[in-house]
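One structure is given here, and the rest of the page talks about it.
Just so it is clear, none of the values below were taken in a lab; they were calculated from the coordinates. Keep in mind that what you see is a predicted model, and the values were worked out from it rather than measured. Using ideal geometry, Cβ is built from the backbone for each residue, glycine included, and neighbour counts are taken over all protein chains shown.
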Ligand code: KG4
């Protein structure tokens, strides 16, 4: 009998649901929350309310697009943490309610493991055409007659996880055995990009805006400070301060400095961040003698970072794994695949398991 897994993701500001059949993705639907744009960052209370509005239509659309009834589901996988507690509670409570009503097991997923395991998402080679109203929903990225989802890395591999909340180098030994060998001691890479973009008066989130501007700028136009900390750890707060202070000085001489130089500023900022990220990753790959290197998380959508991965593949003989754009940011497909592996191990989660905002609270 086929195994159908429903995945639910609600850890931050995207409400997402996905359905897998025997590990193959049938649907992946995401409702994003535009409400935060006006505030220049995610407002937790507004995020929880939007999740409450979105969760039912999103799950409904994912089941419809997969062409199954909820009674066919074998289990529900959901993000239990880390993330914003109010946001998580919506997905966790919904998953518990649905699992209880259907009498099926639940599988809890660590959001960060989900990002890493996004490299194991398998898309069907042939997808029936979708004929559903779009509305506010997006994210059905499965190509008609797609490529089968590409290759997955073999264990052990290194994964650079870079998002708005995390910058980590993870040694991935198996689906469930992951060791964080390096991480940021202050800000995450995405957070630094978003804050610098805010300082420049650009929109939110800054990542895609900086990426677009950087393509037209000179990456060597400006120099910003780089951290000098031991091991595989990262730090981005010094860079953020150096960006802010330099900008203040330059604006004193030319009040329109940002307008005149925004492309060069974006390109130089991006280059500095990519250099910082790749230096530690290179060191880890060399020390551990690992040549399979993956990238995951929202910042892995960045063009400069993707180019650096391809460049390292050429220069150092790495085999690199870069996710499809739709699987870089938060999505339920990655939660469903992580849940599928746990389901095969019968690693279920009790009804009493609470959401957790930090790993240390688990
Ligand atoms: O993984 P993610 O969707 O969730 C959070 O951790 O919240 O990552 C979001 C982060 C944001 O900081 C955003 O600015 C960044 O990913 N991001 C990018 C790009 N697209 C999204 N950063 C650089 N270049 C991009 N193209």
If R0 is 45 Å, what FRET efficiency do you get for residue 221 and residue 1 from their C-beta distance, rounded to 0.05? 0.15
So how far apart, in nm, are the two label points at residue 357 and residue 120 if each is 7 Å from Cα heading toward Cβ? 3.0
Summing -39500 (n - 2.57) over the DSSP H runs of n ≥ 4 in the chain and dividing by its residue number, what mean residue ellipticity at 222 nm do you reach, to the nearest 500 deg cm²/dmol? -13000 deg cm²/dmol
Between the Cα axis of helix 332-344 and the main Cα principal axis of the chain, the angle (0 to 90°, nearest 10) is 50
Over what distance in Å are the Cα centres of segment 227-301 and segment 108-125 separated? 27
Angle between the Cα long axis of helix 44-66 and the longest principal axis of the chain, 0 to 90 degrees, nearest 10? 50
Ordered by packing density, taken as the mean number of other Cβ atoms within 10 Å over each peptide's residues, highest first, how do 25-31, 179-185, 327-333 rank? 327-333, 25-31, 179-185
So how do 249-260, 228-239 stack up, highest first, on mean other-Cβ count within 10 Å? 228-239, 249-260
Set the Förster distance to 35 Å, then compute FRET efficiency between residue 288 and residue 39 from the Cβ-Cβ distance, nearest 0.05. 0.25
Please compute the length gained on full extension between residue 313 and residue 151, using 0.36 nm multiplied by the number of residues separating them and subtracting their Cα-Cα distance. 56.8 nm
Once the piece of chain linking residue 64 and residue 229 is laid out straight, how much longer is it, given 0.36 nm per residue of separation minus the C-alpha distance between them? 54.4 nm
Quick check: pseudo-label points 7 Å beyond the Cα along Cα→Cβ at residue 22 and residue 347, how many nm apart are they? 2.3
Extension reserve of the residue 244-residue 198 stretch, reckoned as 0.36 nm per residue once the Cα distance is removed: 15.5 nm
The chain - percent relative contact order, Cα under 8 Å, separation 6 or more: 23
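What are the semi-axes of the equivalent ellipsoid for the chain, taken as the square roots of 5 times the Cα gyration tensor eigenvalues, largest first, in whole Å?
Value: 35, 23, 19 Å, ordered largest first.
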For helix 237-253, what angle does its Cα long axis make with the longest principal axis of the chain, in degrees from 0 to 90 and rounded to 10? 50
